[in-house]
Amino acid sequence: MLETNNTSAVPSGAAKAGQEAGAACSCQKPAPHFPEQVTGMYVLARALKTIGIDTIYGLVGIPITEAAYIAQGQGIRFVGFRHEQQAGMAAATHGFMTGKPGVLMTVSSLGFMNGLTATANATVNCYPMIQISGSSVREPIDLLQGTYEGLDQLNVAKPVVKAAYRVNRAEDIPTGVVRAYRAAISGRPGGVYLDITTPALGQVLDHDVAEALLQMPVDLAPSMIPAPESVDRAVKMLASAKKPAILVGKGAAQARVEDLVKTLVEKTGVPFYPMSMAKGILPDNHPLSAISARSTIMEDADVVMLVGARLNWLLSRGHGKWNKEGKFIQLDIDPEEIDSNRHIDAPVIGDLRSSLEAIIAGLDNVKMEMDPAWVSGIQNESKVKNAKFLERLQPKTVPMTHWSALGAAKKVLEANPDVILVNEGANTLDDTRDSIDMFLPRHRVDCATWAIMGMGMGSCVGAAVATGKSVVAIEGDSAFGFSGMDFSTICRFNLPVTVCVFNNGGIYNGIGEPLDKTTDPAPTTLDINARYDKLGEAFGAKTYYVTTPDEFQAALTEAVASKKPCLIDVQLAADAGKESGHIGYLNPTPLIDITV
Ligand code: ADP
Ligand code: MG
């Protein structure tokens, strides 16, 4: 079966010829037996299918083009992109949404490197994904002899991924796939690299031999039960707190434990604070949401329970404003995370479902000592702050600011809570996160732990393909530029995605040296007059250009209802937005402590 697009094994040309010759023979000799043959690429597609992979994101070329066709023939969806980085962002988002590894397939050398950016980002964010890349023949790479796209990909990948494997023989492909799958999802999930050399992809095997290699592993995601004494310590600490808080991270979203987080919060009455991509695990308007009282929690809580959240820079690494006397309980799957920044008084190591179940059961045997004034204080503070915040979104300023535009978007998105929100930018990220409430888990995808730019279009595709749901992206104009060409992928696959480009003409804003063509533009200047909607037109999307909040609200309402690819150019004022958004303090300024 050396033809490419085959869905099942058929006799090779040689075998067919042999059978015909046999049939024509008058002496009745049995036809010689030529076994059906397949390649390593067939073994790869079958191994992926066997383990339950239904989608591959990628970009074809030598040496993986046929592998993609064969995978398609096996019923695996192949979502082809214009840039590997975006295919990788899609695979990572697929992993976040489903809890199963998203798969990225890349060509050798630069295709591999472009994709590796996303695999590294997935590793940092604990998204399960596997990057499978074809690579060139080993021998000339190892001898530095200069071969086609010769790059020692395995060793380039190793420092930035959770695990990396190379397969040199077609017989080893199923083992490579199983190992990559287990590494991506077991313990703390992450990005895994699987290198398959060109000779292994092209190697010919008998079909029966290839099929016999396939294996369905047992217990791919076993429970990891926490130690009873750890649970006991955590339960007692939480129960004895006067001012406790529960801090929920995107690990809880990935672990799909919204039911248990709800039980824990409502059973104890302890206020909770969601990290950005944990928004919606419980609705942002839940009576115990402390989303508007972050500083109070940091400064005053005496016990904080971290549920699938890390005390990294996004939480001042546990220092700064945090109560120095406060105690931390941390529920995590990774023992190495504990004490990474600040002393953890009660670590609970296990998968979140097992740990939360044990803690909830343990709470039956203790009495909560929480001060009721703590909760009412947070609720009163939240009420005042929320009302004040809403005032910011009221003015229908034209040209629009981020706030006036978001006032319009908020109405549409909150009327469509099942739409997944993808969000990146600087001010566009910060202000959107603060303005748009989420009501369902895993409905917000953003630039996350590294605060990177360039995850937009890929994440839109991954979210839409993995869930079948509608997606709205709110993108800064600079952020959109990193992945804009892959808006065409949204169009080719006819996905229900609306992309809103908040155009303030620059990185942070458009008030740098203007584009008057007499001087070079400032490093931060883009183009306030750019018509991003025209880019959508080029690929057949429904497009809008809006200059007022009312126009934006009407366009977004129509776009979401259409369930078709749509692009909205949201014209902002050039002076809307400040440098570096909310994290300007991270810029290297003398005499300022930037040790986050
Ligand atoms: P956030 O940015 O929302 O704080 P992080 O990505 O920093 O979230 O932290 C997520 C944490 O969740 C990581 O430390 C990771 O090890 C942990 N985690 C991920 N999946 C699970 C799981 N199934 N069970 C327990 N912990 C998990
Ligand atoms: Mg901008």
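Bear in mind these aren't lab numbers, they're just calculated from the coordinates by the rules spelled out. Since the model is a prediction, treat every value here as computed from it, not as a measurement. Here the Cβ positions follow ideal geometry from the backbone for every residue, glycine too, while neighbour counts run over all protein chains shown.
General observations
- Its alpha carbons considered, region 282-395 gives a radius of gyration followed by a Dmax of 16.0, 52 Å.
- Formal net charge of residues neighbouring residue 256 (Cβ-Cβ distance under 14 Å; K, R +1; D, E -1): +1
- In the chain, the calculated helix contribution to ellipticity at 222 nm averages -11500 deg cm²/dmol per residue, counting -39,500 (n - 2.57) for every DSSP H run with n ≥ 4.
- Taking only the C-alpha atoms of region 217-338, Rg followed by Dmax gives 14.3, 48 Å.
- With semi-axes defined as the square roots of five times the eigenvalues of the C-alpha gyration tensor, the equivalent ellipsoid of region 468-531 measures 29, 11, 8 Å, largest first.
- In this label model, residue 147 and residue 386 are separated by 6.2 nm, measuring between points 7 Å along each Cα→Cβ vector.
- With distances taken between every two different alpha-carbon atoms, region 12-212 has a Kirkwood hydrodynamic radius of 17.4 Å.
- Cβ-defined net charge surrounding residue 158, 14 Å radius [Lys, Arg +1; Asp, Glu -1]: 0
- Volume in Å³ per residue [convex hull over Cα atoms, computed for region 343-480]: 181 Å³
- Relative intensity, log₁₀ I(q)/I(0), of region 401-449 from a Debye sum that treats every alpha carbon as a point, q = 0.20, 0.25, 0.26, 0.31 Å⁻¹: -0.63, -0.97, -1.04, -1.32
- Computed FRET value (nearest 0.05) for residue 517 with residue 169, which takes r as the C-beta separation and R₀ as 60 Å: 0.55
- P(r) tail, region 393-571: Cα-Cα pairs separated by more than 27 Å, 18% of all pairs.
- Spacing of the two label points (7 Å from each Cα toward its C-beta) at residue 225 and residue 209, in nm: 4.5 nm
- Taking amide H as placed 1.01 Å from N in the peptide plane, residue 348 has its amide H under 5 Å from the amide H of 330, 331, 332, each at least 5 places away in sequence or on another chain.
- Per residue, the convex hull spanned by the Cα atoms of the chain measures out at 187 cubic angstrom.
- Dividing the Cα radius of gyration of region 64-170 by 2.2 N^0.38 Å, with N the residue count, gives 1.07.
- A viscosity of 1.567 mPa s and a temperature of 4 °C, combined with the Kirkwood radius over C-alpha pairs in the Stokes-Einstein formula, give region 484-575 a diffusion coefficient of 94 µm²/s.
- Net length gained if the chain between residue 361 and residue 155 were fully extended (0.36 nm per residue, minus Cα distance): 69.5 nm
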